[in-house]
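Visitor: Here it is: the structure, laid out below.
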Amino acid sequence: MATKAVKMVKNAAGRLVPTVVNDVPFAPFSGVGAKEPKRVMAAPPVRSCTEFPADGNKLVKDLKTALQNAGLRNGMTISTHHHLRNGDALTNMLFDTIHAMGITGIRWYPSASFPCHEYLIKYLQDGTIHHIEGSMNGPLGRFASEGKMKGTGVLRSHGGRYRAIQDGEVHIDIAVIAAPTADPFGNANGVTGRSACGPLGFALGDSEYADSVIVVTDNLVPFPCVPWHIQGNNVDHVVAVDSLGDPSKIVSGKTQVTKSPDRILIAQYIAQFVEEAGIMQNGFSFQAGAGGINLAFLLQLKERMKKNGVKARFIRGGSTQYLTEMLQEGLTDYILDGQAFDMEGVRSLRDNPNHVSTSPFTSYSHHSKGNFASMLDVVVLGATEVDLQFNANVVTHSDGLLLHGIGGWQDCLAGKCVILAVPSFRDRVPIIVDRVTTLCGPGELIDVVVTERGIAINPRRKDLIRKLSGSALPIRTIAEIQKEVEGICGGKPQRPELSVSEVVAVVQWVDGTIIDSIYKVK
Amino acid sequence: MVSLTTRGGIRIGLKSKVEALYGASIRGQVIGMLEHFGIRNAEVTVTDQGAVPFVIAARLETALLRCGIERSEQTAEGISKKVPVSKKERFRRTRLYLPGNEPHYFLNAGLHKPDGIILDLEDSVAPSEKEAARMLVRNALLNVDFGAAERMVRINQLPLGIDDLQAVIPAGVQTILVPKCESADQLRAIDAEIDRICQQYSMKRTVLLLPIIESALGVVRAFEIAAASPWNCALAIGLEDYTADIGAERTAEGRESLFARSTVINAAKAAGIQALDSVYSNVSDDAGLRASVTEAKALGFEGKGCIHPRQIAIVHEALAPTEKEIEYARKVVDAFHEAKKNGSGVVALGSKMIDAPVVKRAERILAQVNGRR
C-alpha cells in the first residue's frame with residue numbers, strides 16, 4: 001500500500017528520499033537556505049461578486065449541499081484546521097458526509113490531527129481518504145507507520161503547509177473551516193461562541209487560496225461577525241450546525257503546569273541559561289508553549305525577569321493563563337498569538353488589544369518576505385531524539401513509529417537561540433542517539449540541548465560556550481550525557497526493524513524539499 | 001512470572017513497550033540469570049514497561065524466589081566494591097523518601113540534590129511486596145548513582161528488618177533508618193546483626209544508624225535510644241505515627257507534638273547527635289513547608305524529611321543561616337583563631353566568653369555557607 005520501489009536519492013543531509021511521492025515529483029533537501037528557482041505564487045480562480053447573493057446570505061441547508069455546490073468529486077483535496085483540537089467533531093462529520101455521498105480518493109490536508117480523528121481510520125481503510133498530508137498524531141500516525149494508508153503521507157511544518165499552498169505545491173479544492181462564530185456572509189472568528197478556540201490563523205491560507213471555501217459554525221450571528229479572522233469575501237458557503245464538538249476538549253479550563261521534578265529541573269536550567277547567556281534583556285522576545293517543560297520554563301523565566309526588572313517586547317504564543325498574566329503584569333508589551341490553549345488565553349485574545357492574533361503567514365511562512373520566527377531571541381522546543389551533531393527528530397520514536405506532527409517546530413528553528421528541552425531518557429530509551437531515526441531539524445540550527453543530567457551547547461556556538469564558561473550550570477558535551485544515559489539504560493538500543501523499501505511518509509523541510517523518509521515498521 | 005518445567009528448555013514470553021529497541025537485551029538478561037541460578041527448564045513471562053536492567057534483574061529474582069529458588073548468600077555482584085563511608089556529622093538538612101518498590105523514582109533522585117536519599121522498605125511498601133522491594137533496593141544501591149546524597153535505607157521493624165539488613169548491608173548502604181524505635185535493645189540487636197553481616201562479607205563496619213521516634217514510649221526513652229549505639233548519627237521524629245499513638249490529630253500548628261519534638265531534640269543533643277524533624281506532607285503547599293521548617297529550625301532541628309523533590313530547595317533555603325547568624329559565626333571563628341594564635345585557652349568575643357560548642361556551631365554555619373558537607 002505504501003509507496004514502493006520509487007527512485008530514492010541521497011539528499012544533502014545524507015538521507016535517502018524518494019523523488020516522486022503520490023505521483024508528484026519532489027526535490028531532495030539541498031541544505032539550509034539553499035537557493036530556490038524563481039516562480040510565481042499560486043492563485044485561486046477569478047470570481048465575481050455577481051455570482052454570490054447580493055444580500056450577503058450564503059447559508060445553505062447542510063454540509064452535503066455545501067459540498068455538492070462546491071463540486072465535490074473523487075480525488076479532490078479537502079483541507080481542515082486543527083483548532084478544535086481533540087474536541088473536533090466537524091472533521092469526522094465531514095468525512096461521514098463525503099462517504100455517504102459515495103466519494104473516494106480524497107487527499108486530506110489538515111493543519112494537524114488529534115486522537116479523536118482515530119474515527120477516520122475506517123475511511124482510510126475503505127478508500128474514502130486516499131492519504132493524509134499533514135501532521136499525524138497518535139493513532140493515525142501508527143496506522144500510517146504500519147503501511148496501511150493507501151498513499152504516502154507528507155509531513156509539513158505549519159509554515160511549510162502555508163508555503164505549499166502559496167506556491168501551488170498543494171492546491172486545495174475545498175476548504176472546510178470550523179468557525180466558533182460566523183455570520184451568513186462567511187466572516188468568522190474563533191474567540192466567541194461555545195466552541196471558542198482562539199485564533200483561526202491556521203485556516204487563513206486555506207480561505208485565500210482554495211477553489212471553494214465552506215465555513216461551518218455552531219454560533220451563527222447576524223452580519224457582521226466581528227472580529228473577522230476569516231473574511232467572508234473569501235467564503236463560498238456557510239453551514240450552521242448544532243455543535244462543532246466538545247468544548248472541554250477544544251481548550252482546557254486551566255492549563256496545568258508539570259509536577260514532574262525532572263521537567264521542572266530542566267525548566268530551571270533553561271531559565272538560568274537564558275539569563276546567563278545575556279538573552280534575557282529589556283526588549284527581548286521568545287516563543288512560549290503549553291508543553292510540560294515549556295510552561296514551567298515560562299514561570300521560571302518570569303521570576304527572573306521580575307527580579308531583574310526585565311520586560312519583553314513580544315512573546316510568541318501559544319497563549320495560556322500564565323502568558324496572559326505576564327501581559328497583564330507588564331512583563332511583555334505584546335503577545336503575538338498563534339493558538340490559545342486555555343479559556344483565559346481565548347478571553348485575553350478577545351479583550352486585550354495587545355494580545356494579537358497571528359497566522360503561519362506572519363509567523364512562519366517560507367514564502368513571506370521575512371517572518372516572526374527568525375526574529376525570536378530564544379525558542380524552547382521539544383524533540384523525540386537528538387544526535388551527537390545536534391540533528392533532531394520530532395515525528396517518530398526510536399522504534400520507528402510515527403506518532404507526532406511537526407507543528408511549528410521546524411519553523412522555529414530559525415530563532416536566534418534554539419534550545420531543545422528533553423529528558424535524557426524516556427522509559428529506558430535514551431534520547432541522545434548516534435543517528436536520529438528521522439531527521440526533521442538539521443543540527444546546524446540547534447544551539448543547545450538541555451536535559452536533567454546536563455546542558456550541551458552546540459560547538460558551533462562558540463559565543464554561547466564563552467558566555468557560559470564560568471557558569472554553575474552543568475555544562476557538558478552531548479557525548480558525555482549520551483554515555484551516562486546509555487549506562488543507565490543498559491547500552492545502546494538495538495536498531496528497530498524497518499522496511500526500508502517501503503516509504504509510508506516523507507518529511508519536508510520548510511522550503512518544500514524532502515529531508516527524510518519514514519519507513520514502514522515491521 | 002516464572003514457572004519451572006521439567007523439559008523444553010527456557011521459553012520466554014516477552015511483552016515490552018521497548019521490545020523493538022531492547023527485546024534482545026531483555027531476553028539475553030533473562031537467559032543469563034536463569035543460567036546463573038542453574039535453571040535449565042522454565043517458562044518465563046515478562047511484562048515490561050521499559051524498566052532498566054537492574055529493575056528487571058530484581059523482578060526476575062523475586063519471581064524465582066516465589067518459585068522457591070533463593071540465593072544463600074550475595075554473589076560477587078551483590079557486594080559493593082567500594083563501601084562509601086558516611087560521616088556522622090555531615091549535613092542531613094533534607095532526606096528524600098522514595099518508596100522501595102517504585103524504582104522509576106530512584107534514577108533521577110540524586111539530581112535534585114537532597115542531603116540524603118531514603119530507599120524505603122517499611123511503610124511505603126505493601127506487605128506482599130516486601131521481598132520485591134528488598135531486591136530492588138539492593139540492586140539500586142549497587143547500580144544507581146545517587147550523586148553526593150547519603151545513601152539511606154529505612155528497614156522494616158524487627159524481625160523482618162533483619163532480612164532487609166542481610167540484603168542491603170553488603171550492597172553499600174551508608175545509613176540505616178530504624179523505624180518505630182522504642183528501646184536501646186532494638187538498636188543493639190541491629191548493631192549486632194550489622195556487625196555479623198560485615199564479618200560474613202569481610203567488610204569493615206561503617207554503617208550508621210538513624211533511629212526514628214514514632215510513639216509515646218519512644219519519646220519517653222528518647223535519650224536512652226539516642227545514646228544506645230556509637231553508630232547513631234541522628235535522631236528523627238515521625239509525627240504521623242506519634243500523633244496517632246497519643247490519640248491526637250496532627251495539626252499545622254503542631255501544638256500536640258511540641259513536647260515530643262522538644263524531647264527528641266533535647267535527647268539527641270544530650271547524646272551529641274543531630275535532631276531531625278518529621279516530613280511535611282502537603283506537597284503543594286510551599287509556604288506551609290517554609291513556615292514549618294522555620295519553626296523546626298527555631299526549636300533546634302537540623303533537618304526535615306521530604307516526600308517530593310520540589311521540597312528540597314525550599315527546606316535548604318529555609319534552613320540556611322541568616323545574614324546575622326553568618327556575621328556572628330565569622331566573628332566567633334575569628335576570635336577562636338585569634339585565641340589559638342595567642343596560645344590562649346579562653347575564647348572571648350568582646351566581654352563575652354565563647355565555649356567550645358559555640359565555636360563548633362559557628363564553624364558549621366560557615367561550612368553551610370561555603371556549601372561544604
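The values are calculated or read from the model by the stated rules, or taken from the named source; none is laboratory data. Just so it is clear, the model here is predicted, and its values are computed rather than measured. Every residue, glycine among them, receives a Cβ derived from its backbone with ideal geometry; neighbour counts consider all protein chains shown.
Visitor: What pairs can you find where one residue is in the stretch B:98-115 and touching a residue at least 60 places away in the same chain (Cβ under 8 Å) and surrounded by fewer than 24 Cβ atoms within 10 Å (Cβ to Cβ), the other is of a type in the set (A, V, I, L, M, F, W, C) and part of a helix (DSSP H, G or I), and their Cβ atoms are less than 6 Å apart, with a gap of 6+ or different chains?
Guide: Once the first residue is touching a residue at least 60 places away in the same chain (Cβ under 8 Å) and surrounded by fewer than 24 Cβ atoms within 10 Å (Cβ to Cβ) and sits in the stretch B:98-115, its partners that are of a type in the set (A, V, I, L, M, F, W, C) and part of a helix (DSSP H, G or I) give B:112/B:312.
Visitor: Here's something else I'd like to know. Just one of A:433, A:378 is in contact (Cβ under 8 Å) with a residue 40 or more places away in the chain and more than 14 Å from chain B (Cβ to nearest Cβ); which is it?
Guide: A:378
Visitor: Let me ask something additional. Give the residue, chosen from B:23, B:38, that is on the phi > 0 side of the Ramachandran plot and either more than 14 Å from chain A (Cβ to nearest Cβ) or of a type outside the set (Ser, Thr, Tyr) (or both).
Guide: Answer to the selection: B:38.
Visitor: Taking the stretch B:221-255 only, how many residues are among the charged types (D, E, K, R), touching a helix residue (DSSP H, G or I) at 6+ places or on another chain (Cβ under 6 Å) and modelled with pLDDT of 95 or more?
Guide: 2
Visitor: A further question on this structure: I need the full set of residues from the stretch B:250-276 which are under 17 Å from residue B:175 (Cβ atoms) and either in the same structural domain as residue B:361 (by TED's automatic domain parsing) or in contact (Cβ under 8 Å) with a residue 12 or more places away in the chain (or both), in order please.
Guide: B:268, B:271, B:273, B:274, B:275, B:276
Visitor: Does residue B:63 satisfy being small (Gly, Ala, Ser), more than 14 Å from chain A (Cβ to nearest Cβ) and under 25 Å from residue B:168 (Cβ atoms)?
Guide: yes
Visitor: If I ask for residues that are surrounded by 24 or more Cβ atoms within 10 Å (Cβ to Cβ), within 14 Å of chain B (Cβ to nearest Cβ) and outside any helix (DSSP H, G or I), which ones from the stretch A:260-303 would you list?
Guide: None; the set is empty.
Visitor: Have a look at B:217, B:187, B:142, B:165 and point out the one that is in contact with a Pro (Cβ under 7 Å, 6 or more places away or on another chain), part of a helix (DSSP H, G or I) and either modelled with pLDDT under 95 or of a type outside the set (Asp, Glu) (or both).
Guide: B:187
Visitor: To continue, here is another question. Please report, ordered by residue number, the strands (runs of 3 or more DSSP E) entirely within the stretch A:369-462 with at least 2 residues that are within 22 Å of residue A:10 (Cβ to Cβ).
Guide: Qualifying strands (runs of 3 or more DSSP E): A:385-387.
Visitor: I'm trying to understand the selection: among the residues of the stretch B:1-14, which are more than 14 Å from chain A (Cβ to nearest Cβ) and modelled with pLDDT of 90 or more?
Guide: B:11, B:12, B:13 - these are the residues of the stretch B:1-14 that are more than 14 Å from chain A (Cβ to nearest Cβ) and modelled with pLDDT of 90 or more.
Visitor: Related question: Can you name the residue in the stretch A:463-473 that is assigned to a loop (DSSP other than H, G, I, E, B) and either surrounded by 15 or more Cβ atoms within 10 Å (Cβ to Cβ) or out of contact with any helix residue (DSSP H, G or I) (no Cβ under 8 Å at 6 or more places or on another chain) (or both) and, of all such residues, is nearest to the other protein chains (Cβ to nearest Cβ)?
Guide: So, considering only residues that are assigned to a loop (DSSP other than H, G, I, E, B) and either surrounded by 15 or more Cβ atoms within 10 Å (Cβ to Cβ) or out of contact with any helix residue (DSSP H, G or I) (no Cβ under 8 Å at 6 or more places or on another chain) (or both), the one nearest to the other protein chains (Cβ to nearest Cβ) is A:472.
Visitor: Quick check on my filter: what residues within the stretch A:476-485 are of a type in the set (D, E, K, R) and within 11 Å of chain B (Cβ to nearest Cβ)?
Guide: A:484
Visitor: Report yes if some residue within the stretch A:498-505 is surrounded by fewer than 18 Cβ atoms within 10 Å (Cβ to Cβ), within 14 Å of chain B (Cβ to nearest Cβ) and within 29 Å of residue B:24 (Cβ to Cβ); otherwise report no.
Guide: yes
This table checks each residue for (1) of a type in the set (A, V, I, L, M); (2) free of Cβ contacts under 8 Å to residues at least 40 places away in the same chain.
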residue	(1), (2)
A:35	no, yes
A:60	yes, no
A:81	no, no
A:112	yes, no
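Visitor: Name the residue, out of A:96, A:88, that is farther than 25 Å from residue A:165 by Cβ and modelled with pLDDT of 95 or more.
Guide: Just a single option satisfies the conditions, and that option is A:96.
Visitor: Run down A:12, A:34 and say which single residue is part of a loop (DSSP other than H, G, I, E, B), touching a strand residue (DSSP E or B) at 6+ places or on another chain (Cβ under 8 Å) and more than 30 Å from residue A:239 (Cβ to Cβ).
Guide: A:12
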